[in-house]
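See below for the structure under consideration.
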Amino acid sequence: MYFESHAHYDDERFDEDRDTLLASFPAEGIETVVNASSDIKSSKASIALSEKYPFFYAAVGVHPHEVENITEADIDELRELSKHPKVVAIGEIGLDYYYDLSPRDLQRHWFKRQLELADELKMPVIIHSRDAAQECFDIIKNSNVRNGVIHCYSGSAEMAEEYIKMGFYIGVGGSLTFKNNKKGVETVERIPIEKILIETDSPYLAPVPYRGKRNDSRFLKYVVERISQIKNIPENDICNITKNNAQNLFIK
């Protein structure tokens, strides 16, 4: 059974078949899904899905792409949304210097502010970090937050080990199956399986052999297969251990 630690089923790419797809998940072995959010609207949509499907949980937060127009009123609204019984994390939050869709000073400010909110609420965080590895690490280290996952991890194995020392999990997804992802392989080799969460980031980052197509949680099996090959651990054990990891983080 799979624990999907990061997906975006509120995305418009699921509009045509969302209900049919999600309803099929229990029979496909997908036991739990955490839906990460990108803004206030997305956070509310994630909660609505969590109310519809017993296996579905939500994270609420504002993605770095969307922080340009955020205000303190939005932080207050996130605080209220977080009270919902099926909200399990603040996220996804962080820095993205690859696309730079929001000014970097605003990314930094609202990342720190949402970390403060997570600390206030004693909730785990889901971290987005792209082309900002060291700065993202430093901001987290200087915060009080020590509980969460670095989603779709793309940094060095050494930094992953430092995150683990701080108390974080490492999110591993479809990019691990890409032929030239040497850093991803090295990270999975070096960190303990007890600190790995599996994810798809659906509808993004579909694994080989579906690279370039719409991703969904049924493709977690390809992530598990690749982790199993790298760590020489049976696939069923990978599923069970990563499920326990995610339950320990999100659903206590």
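Obtain the nm distance between the two label points defined at N232 and D138 by a simple spin-label model: each point lies 7 Å from its Cα along the Cα-to-C-beta direction.
With each label point 7 Å from Cα toward Cβ, the separation is 4.0 nm.
For the range 170-185, just list the computed ³J(HN,Hα) in residue order, Karplus coefficients 6.51, -1.76 and 1.60, θ = phi - 60°, integers in Hz, with x standing in for Gly and Pro.
Karplus values, whole Hz, x for Gly and Pro: 10, x, 10, x, x, 5, 4, 7, 6, 4, 9, 7, 5, 5, x, 4.
Among rounded, prolate and oblate, which fits the range 86-209 when a ≥ b ≥ c are the square roots of the eigenvalues of its C-alpha gyration tensor, a/c under 1.5 means rounded, and a/b larger than b/c means prolate?
Cα axes put the range 86-209 in the prolate bin.
Assuming R0 = 30 Å, can you tell me the calculated FRET efficiency for the pair Y98 and E225, based on Cβ-Cβ distance, to the nearest 0.05?
0.60
Only counting other Cβ atoms within 10 Å, I'd like F3, F55, F137 sorted with the fewest neighbours first. List each step's numbers first, then the result.
Working: F3 26, F55 14, F137 19.
Ranking F3, F55, F137 by Cβ neighbours within 10 Å, fewest first, gives F55, F137, F3.
Taking a quarter of the surface of the Cα convex hull of the range 183-224, what do you get in nm²? Write down the numbers at each step before the final one.
Values: hull surface 12.7 nm².
Projected area, direction-averaged: 3.2 nm².
Which of K165, K86, K112 moves the most in a Gaussian network model of the chain with Cα springs under 10 Å?
Per the Cα network of the chain with a 10 Å cutoff, K165 tops the list.
Distance check, please: which entries in K41/K231; K195/K221; K52/K83 exceed 29 angstrom between their Cα atoms?
The answer is K41/K231.
Compute the distance from the alpha-carbon center of the range 67-110 to that of the range 196-252, in whole Å.
26 Å
Taking the chain as a Gaussian network, where each spring joins two C-alpha atoms under 10 Å apart, which residue of A23, A132, A157 fluctuates the most?
With Cα springs under 10 Å in the chain, the top fluctuation among A23, A132, A157 is at A23.
Tabulate in residue order the Karplus-calculated ³J(HN,Hα) for the range 82-96, using 6.51 cos²θ - 1.76 cosθ + 1.60 with θ = phi - 60°, rounded to whole Hz; enter x for Gly and Pro.
Ordered by residue, 3J(HN,Hα) equals 5, 6, 4, x, 9, 8, 10, 6, 9, x, 9, 10, x, 10, 9 Hz.
When the helices in the chain are scored as -39500 (n - 2.57) per DSSP H run of 4 or longer and the sum is shared across all residues, what 222 nm value do you end up with, to the nearest 500 deg cm²/dmol?
-12500 deg cm²/dmol
Considering amide H positions built from the backbone, and no H for Pro or chain starts, which residues 5 or more places from I30, or on another chain, come under 5 Å of its amide H?
For I30, whose amide H was placed from the backbone, the distant partners under 5 Å are Y2.
Starting from the amide H of G91, placed 1.01 Å from N in the peptide plane, find each other amide H under 5 Å away whose residue is 5 or more places distant or on another chain.
S37, V60, G61, I126
Taking the Kirkwood radius as the inverse of the mean 1/r across Cα pairs, report the Rg/Rh of the range 136-252. All intermediate terms of the calculation are to be shown ahead of the outcome.
On the way: Rg = 13.7 Å, Rh = 14.4 Å.
Here Rg/Rh amounts to 0.95.
Under 10 Å, Cα contacts only: if you run a Gaussian network model on the chain, which one of A133, A89, A73 comes out with the highest mean-square fluctuation?
Maximum among the listed residues: A73.
Please work out the FRET efficiency for the pair K182 and E120, using the Cβ-Cβ distance as r and a Förster radius of 30 Å; give the result to the nearest 0.05.
After rounding to 0.05, the efficiency reads 0.15.
State, as an integer percentage, the relative contact order of the range 25-158 based on alpha-carbon contacts under 8 Å between residues 6 or more apart.
Details: 241 pairs, mean separation 27.8, N = 134.
Relative contact order here is 21 percent.
When a footprinting reagent is the concern and you count Cβ atoms within 10 Å, what order do M159, M1 take, fewest first?
In increasing order of surrounding Cβ atoms, one gets M1, M159.
Please order I90, I75, I30 by the number of other Cβ within 10 Å, starting at the fewest.
Ranking I90, I75, I30 by Cβ neighbours within 10 Å, fewest first, gives I75, I30, I90.
Since every read-out is calculated from the coordinates, none of them should be taken as a lab result. Note that this is a predicted model, so its numbers are computed, not measured. Glycine gets a Cβ as well: all are built from the backbone with ideal geometry, and neighbour counts include every protein chain shown.
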